[in-house]
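Read through the structure below, which is laid out as C-alpha cells, and then see the notes.
The values are calculated or read from the model by the stated rules, or taken from the named source; none is laboratory data. Keep in mind that this is a model prediction, so the values were computed, not measured. When we count neighbours, we look across all protein chains shown, and the Cβ atoms used for this are built from the backbone with ideal geometry, even at glycine. Surface accessibility is based on the protein's heavy atoms, side chains included, excluding ligands, DNA and RNA. Shrake-Rupley method; radii C 1.70, N 1.55, O 1.52, S 1.80 Å.
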Amino acid sequence: MRAGAPGGRGRSMNQIRADQRLSFVRPRKKQRIVSVAAAPQAVDIDLATTALLVVDMQNDFCHPNGWFAAKGIDASPIAAVVPTIERMTSATRAAGIPVLWLNWGVRPDRATLPHLTLAKGRAEGTPTYGDHSPSGRGRILVRDDWGAAIIDDLTVDASDIVVHKHRISGFWDNELDSMLRQRGITTLLFDGINIDRCVFSTLQDANFLGYDCVLVEDACATVSPDFVRDAVIFLVRQLHGVVAKSDALLSAIGKPDPAPPPPEPPGP
C-alpha cells in the first residue's frame, strides 16, 4: 500500500503538525567583556566565549618517578609553575570559564602513533610511548595508566573536561575542536608544558583554525633552554596571538558575582 494513502502507515508531509519542526536557533550567551594587559598590546576578551587549556600536566612529565625523570631530564622548571596553574584553574572555573585538560593518552597498542614519534621518544635507547615505565607504574603515557594521569598537586573538578591526544598538537585526530565549537568558544588561554612543544604546536593550530589565543607566560614552562622559550614568546607576540601574565588575567577575571539572596518568604 502506498505510504500516505488511506489506511497506510505513512503520512504525507502536509499532515505533519506545525509544531513538529526543527529549530536551528541557538541561545546566545550574554557577553562578559574584560580588558587584559598583554603584549604586544592589551586585548579585550569575552569571558562567555573563553576557555582555559591546560596542557600535559601529567605524572610522566612532572613527577620525580615519571618518564622525564627516568630520561635524566630536570623537571624543576615544570614544578615551578604548578601553583600558578592551580590559581588559574581555580579562578577561571569560579568565573564560569570552562577548564579543559589536554593530555597525552595513547592507545596501549600504539596503533595511532607515527613511527617518527615512537623513534623520537626512544632517543638514546630510553623507553618510549606505550613501553613499560621504569617506575613500574604501568606504561608510559597510556590512557588511564599512572603516567598519563594529571599530577596530584593540581585540582581537577567534576565540571572540567579532559581531552586525550596522541600528537604534539592537541587538534589532530581527536575531539578537541568539536568540543570547543559546540560550546561556542572563540578565545583560548594556554597554560602548561612544554611551552615550545605541545603548548606551542596546539596554540599555532588553534590560531590557524581561527581561535584567538592568549599565552599565559608565567603559567607555562619547558625543560628546553631559555632561548627556546624566548623564541616561542616572540613568535606568539608576532604572529599567533598575545602574551599575558597570570596576574593580569586574574585581575581581569575578578571574583564571580555573588549569588542573589533567597526571596523573602510571603507574609502571613
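General remarks:
- Search result, residues across segment 64-82 that are in contact (Cβ under 8 Å) with a residue 60 or more places away in the chain and either assigned to a helix (DSSP H, G or I) or closer than 17 Å to Cys198 by Cβ (or both): Gly66, Trp67, Phe68, Ala70, Ile73, Ala75, Pro77, Ile78, Ala80, Val81, Val82
- With respect to the conditions (1) closer than 27 Å to Ala48 by Cβ; (2) among the charged types (D, E, K, R); (3) open to solvent by 40 Å² or more (accessible area, probe 1.4 Å); (4) not in a helix (DSSP H, G or I), Arg181 falls short on a single one, namely (4).
- Options Asp56, Asp74, Asp60; residue that is of a type outside the set (S, T, N, Q) and either open to solvent by 80 Å² or more (accessible area, probe 1.4 Å) or farther than 21 Å from Phe190 by Cβ (or both): Asp74
- Residue within segment 32-46 that is closer than 30 Å to Leu118 by Cβ, in contact with an Asp or Glu (Cβ under 8 Å, 6 or more places away or on another chain), at pLDDT 95 or above and open to solvent by less than 70 Å² (accessible area, probe 1.4 Å) present: no
- Flag for Thr202 being in contact (Cβ under 8 Å) with a residue 40 or more places away in the chain, open to solvent by 40 Å² or more (accessible area, probe 1.4 Å), of a type in the set (S, T, N, Q) and closer than 25 Å to Ile45 by Cα: no
- Tallying residues that are open to solvent by 30 Å² or more (accessible area, probe 1.4 Å), in a loop (DSSP other than H, G, I, E, B) and farther than 17 Å from Val99 by Cβ within segment 154-178 yields 5.
- The residue list Ala111, Ala148 contains one member that is at pLDDT 95 or above and closer than 19 Å to Ile73 by Cα, which is Ala148.
- Counting only residues that are open to solvent by less than 50 Å² (accessible area, probe 1.4 Å) and more than 20 Å from Ala148 (Cβ to Cβ), segment 78-91 holds 3 of them.
- A single entry from Ser178, Ser251, Ser224, Ser159 fulfils the requirement of being in contact with a Lys or Arg (Cβ under 9 Å, 6 or more places away or on another chain) and more than 20 Å from Tyr129 (Cβ to Cβ): Ser159.
- Residues satisfying the stated conditions in segment 92-120, i.e. among the basic types (Lys, Arg), in a loop (DSSP other than H, G, I, E, B) and surrounded by fewer than 17 Cβ atoms within 10 Å (Cβ to Cβ): Arg107
- Test: residue in segment 77-91 that is at positive phi, at pLDDT 95 or above and within 20 Å of the chain's Cα centre (by Cα): no
- Residue check for Asn207: part of a helix (DSSP H, G or I), among the polar types (S, T, N, Q) and under 30 Å from Arg26 (Cα atoms): yes
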